[in-house]
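Step one of this worksheet: look at the structure below.
Bear in mind that the values in this text are calculations on the coordinates, not laboratory data. Not measured: the values here are computed from a predicted model. Here the Cβ positions follow ideal geometry from the backbone for every residue, glycine too, while neighbour counts run over all protein chains shown.
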Amino acid sequence: MKNLFWTLTLIIGLLSSCETDFELNAPYKTIPVVYGLLDQSLDTQFVKINKSYLANENNANFAPINDCTQFEYIVAVLEEYSQNNVFIGSDTLKEIMVGNLQPGIFYEDSQKIYFLETPSNSFVDEHTYKLNVNVPDKNLNFSAQTDLVNGTGLMFDFLSKITLQLNGFRCADNDLATTDEYFDPRLDWKTTLNGKRYELVLRFAYVEHFLNGDTIEKFIDWDLGDQTSVNTDGGENMFKVVSGSSFFEMLQGRLSSYDLEDQVVKRTFNSKAIEFVLTAGNEDLNTYMQINEPVTSIVTERPIFTNVENGIGLFGSKFSRSLKSFMSNGTVLELCRGQITSEFKFCCDSAEQIIAISNLSGGELVGCN
């Protein structure tokens, strides 16, 4: 009985000394988060510098609070080094609050980003650039560096600089009209030094004219996909075939749900309404994008990629080159009068092309009133 008594006493004592409340989170540690891509084809460079945050409840509730993710004050410096790792000079980034943000879980009214104005020839393709950041009130330092994608070597092939012909003419019963068969032109380019991933976008620019006399300049970007090179040495041949029929179907899909269709009087464009934008990203950017692509397997856990020392994120480089292309007369006629896109009130704004199409198509008018 004595043994049973002491056993029960011990059990009760142990149970009464246990606490049901305990901390799920480890002690908070400030982790810098950096995202920035240097692009010498732009006149301003932007870098997003934030910090991690931790809450004792649902973290999503704290994401809309700006102070949770922003540093109050930092000193961010971009340093330039030669090929021999010799220091060339440095510039201090400035901060700015930006608005007009896309809806999301984080603070939407405005966010702090850091920028550096870089006029033409500010960057040297062969040099290395290092971002050094100091947070004085937290005695925190972090950094990242990147090589530049060589912009000089990123060029479209000469044969690509031709009129974009997505549709042509046919002769039937002495009357010319557009064909039912679409053309699929091909664009060629060569890879460049330090470039790994290449993305091609077709941009179609136009102007909308409304009943009240207002006009709005707009454009539609058609992502033609991306390709990766074997290495980053440059000189590799790449190409992309543009589907003619898919171009017109893409425009139909983008414009078919337009809310103010009945208020649009016409949509005008000029002879160089199409522009191809080729963007090359460096190897770090390619790795980051590959890791964060949609998961297609049953394993959903992703590895973490970062090239930020004492932090996480990505500091890489990219370069964009554009090529404006004339649209062939057949393409213009198909855009304005073809079965797929005629409902969207397109009309040509080029007097020279209007006359040429009218002469070839037996008087078919594509000009704007």
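Figures for the structure shown
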{"item": "Least to most buried among E80, E283 (fewest other Cβ within 10 Å first)", "result": "E80, E283"}
{"item": "Ranking of S271, S325 by count of other Cβ atoms within 10 Å, fewest first", "result": "S271, S325"}
{"item": "Length released on extending from E95 to K324, taking residue separation times 0.36 nm less the Cα-Cα span", "result": "79.0 nm"}
{"item": "Cβ-Cβ FRET estimate between V295 and N212, R0 fixed at 45 Å, reported to 0.05", "result": "0.40"}
{"item": "Charge tally in the Cβ shell below 9 Å around T228, where Lys, Arg are +1 and Asp, Glu are -1, T228 excluded", "result": "+1"}
{"item": "Distance in nm between pseudo-label sites at S342 and N237 (7 Å out along the Cβ direction from Cα)", "result": "4.1 nm"}
{"item": "Relative exposure of F344, F247, judged by other C-beta atoms within 10 Å (fewest first)", "result": "F344, F247"}
{"item": "Q227/R302 FRET efficiency (R0 22 Å; Cβ-Cβ; nearest 0.05)", "result": "0.45"}
{"item": "Counted charge near S271, where neighbours are those whose Cβ lies closer than 9 Å (Asp, Glu -1; Lys, Arg +1)", "result": "-1"}
{"item": "Unsatisfied cross-links (Cα-Cα over 19 Å) in the set K29/K138; K29/K94; K48/K112; K51/K196; K29/K51", "result": "K29/K94; K51/K196"}
{"item": "Residue-span extension gain [K48 to V77] - 0.36 nm each, minus C-alpha spacing", "result": "9.1 nm"}
{"item": "FRET efficiency, R203 to D137 (Cβ-Cβ, R0 41 Å, nearest 0.05)", "result": "0.40"}
